[in-house]
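Below is one structure; the comments refer to it alone.
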Amino acid sequence: MQTSARNRFEGTVSAVKPGAVNDEIELTLAGGERLSAVVTHESAVSLGLAVGAEAVALVKAPWIVLVTDAAGYRFSARNQFSGAVIALTRGAVNTVVDVTSGDLVISAVVTNDSVDSLGLAEGVAATAIFKASNVILATRA
Amino acid sequence: MQTSARNRFEGTVSAVKPGAVNDEIELTLAGGERLSAVVTHESAVSLGLAVGAEAVALVKAPWIVLVTDAAGYRFSARNQFSGAVIALTRGAVNTVVDVTSGDLVISAVVTNDSVDSLGLAEGVAATAIFKASNVILATRA
Amino acid sequence: MQTSARNRFEGTVSAVKPGAVNDEIELTLAGGERLSAVVTHESAVSLGLAVGAEAVALVKAPWIVLVTDAAGYRFSARNQFSGAVIALTRGAVNTVVDVTSGDLVISAVVTNDSVDSLGLAEGVAATAIFKASNVILATRA
């Protein structure tokens, strides 16, 4: 799959919680991590997102928030991956920050102000969080 | 309407699917394209989003994912517009990519890495996709 | 709390509207402003988001739309803060625009095209709007 979404997580649907407009889909990734996505019920049906189905979760880098003191807080964002910064690509306004968490590499776009105020640099511990509602799921046609 | 949202689609409400917290609103655009938005039920009521109402959909460029091999996959994002790249504006970290689809021009902000790995250039076929939950609807006061 | 989300609003939960998958949480800020967040019901429960609870709302700068003629329109985005531009940081593609509204300072990332077409400059009146579904809530662990 060729997409501009920097983050792509392959997994198997492990739970489906249906609602009137939106369904919450849980994906279990190869390393055992769990990822939540909220999609419209119509999409869940048309993609065949039932337990056992293979799916790919797409998350754009600007949708990811980095936190450096996550231990002291609880966040409503269902997806939280803790690890360490391994690379930074700095522009005039924004920086792409790559964080490893287990086997995953997660790319976030944050403002340069955030990089400076959080002291983000290679090796710094960070948690990447993103909302289930910002995840796009894909399946083979 | 003067907004910083690069993408603005005018249309008429053609369907409303109500939920407890969120409603799904379908807009039919001038060219016959259909666009889905998920808004809170309270917003749907206060904006008068009933079938036949005129509304404008606003979508920021960073919320759009570009896909170059969409034919092989199904995506949970309700809004998918296929066309071709017509312009690119490259910065140090991000690039603005404009895609035409029928009468529409859709602007996406993607990382430079994505531009390179997808081979995005003028004339390349691409599909712009975005979630219904990332669409803001507006009506005249 | 150390996060890359440029916008952070501290408040007290003043209303909870539960749904099957998502709950809508209203936060009242120190200055009396109201902010809406849509989070999964499971998150609302695990964070203890009941009326009276203290919580912090996180909103990334790219999720914010700026509008300069908001008076003539109604927007489905539940969160709307009117004020004036106080600072701009321009890059090759994107600009960070800071807007004050009462005691709040709100940072938005918009394309340079938007800055130019809206005439955004220090002192210009602008309304910052963002969807409830793009707000992340946090509480102390």
- Query: If each of residue B:34 and residue C:1 carries a label point 7 Å out from its Cα toward its Cβ, how far apart are those two points in nm?
  - Reply: 3.9
- Message: From the phi angles alone, apply the Karplus equation (6.51, -1.76, 1.60; θ = phi - 60°) to the range A:102-114 and give each ³J(HN,Hα) in whole Hz, x where the residue is Gly or Pro.
- Response: x, 7, 8, 10, 10, 9, 10, 9, 10, 6, 4, 4, 5
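Residue B:125 to residue A:14: FRET efficiency via 1/(1 + (r/R0)^6), r the Cβ-Cβ distance, R0 35 Å, to the nearest 0.05?
0.50
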- Given +1 on the Cβ of Lys and Arg, -1 on the Cβ of Asp and Glu, and no further charges, what dipole in debye does the protein assembly as shown carry about its Cα centre, rounded to the nearest 20? 220
- Item | Choice from C:45, C:99, C:115 showing the highest fluctuation, given a GNM over chain C with Cα pairs closer than 10 Å | C:45
- Among B:21, B:97, B:67, determine the one that fluctuates most according to a GNM of chain B built with springs between C-alpha atoms less than 10 Å apart. B:21
- Placing a label point 7 Å from Cα toward Cβ, how far apart in nm is residue C:14 from its equivalents in the other copies, listed shortest first to one decimal? 4.0, 4.0
- Query: Put a point 7 Å out from Cα along the line to Cβ at residue A:72; what are the distances to that point in the other copies, in nm, shortest first?
  - Reply: 4.7, 4.7
- Which residues in the range A:110-141 have a backbone N closer than 16 Å to a point placed 7 Å from the Cα of residue A:54 along the Cα-to-Cβ line? A:138-141
- Task: Would you give the gap between the C-alpha center of the range C:45-83 and the C-alpha center of the range B:94-112, rounded to a whole Å?
- Result: 26
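How much mean residue ellipticity at 222 nm does the protein assembly as shown get from its helices, if each DSSP H run of length 4 or more adds -39500 (n - 2.57) and you divide by all residues, to the nearest 500 deg cm²/dmol? Could you put the intermediate results ahead of the total?
Working: 6 runs with 39 residues, N = 423.
Value at 222 nm, helices only, nearest 500: -2000 deg cm²/dmol.
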- Any aspartates and glutamates with Cα under 12 Å of the residue A:131 Cα? List them, leaving off those in the same chain fewer than 8 positions away. A:24
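Using the structure shown, list the pairs from A:60/C:17; A:17/C:60; B:17/C:60; A:60/B:17; B:60/C:17; A:60/B:60 with a Cα-Cα distance above 24 Å, or answer none. Could the numbers behind the result be given before it?
Numbers: A:60/C:17 29 Å; A:17/C:60 27 Å; B:17/C:60 29 Å; A:60/B:17 27 Å; B:60/C:17 27 Å; A:60/B:60 13 Å.
Table pairs above 24 Å Cα-Cα are A:60/C:17; A:17/C:60; B:17/C:60; A:60/B:17; B:60/C:17.
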- Note on the structure: Dipole check, the protein assembly as shown, charges on Cβ (K,R +1; D,E -1), about Cα centroid: among B:45, C:126, B:61 the Cα furthest to the positive pole belongs to B:45
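Evaluate the relative contact order of chain C (contact order divided by residue number), counting alpha-carbon pairs under 8 angstrom at least 6 apart; express in whole percent.
Numbers: 321 pairs, mean separation 39.6, N = 141.
Over chain C, the number comes to 28 percent.
Bear in mind that the values in this text are calculations on the coordinates, not laboratory data. Owing to the predicted nature of the structure, the values given are computational and were not obtained by experimental measurement. All Cβ positions, glycine included, derive from the backbone under ideal geometry; neighbour counts span all protein chains shown.
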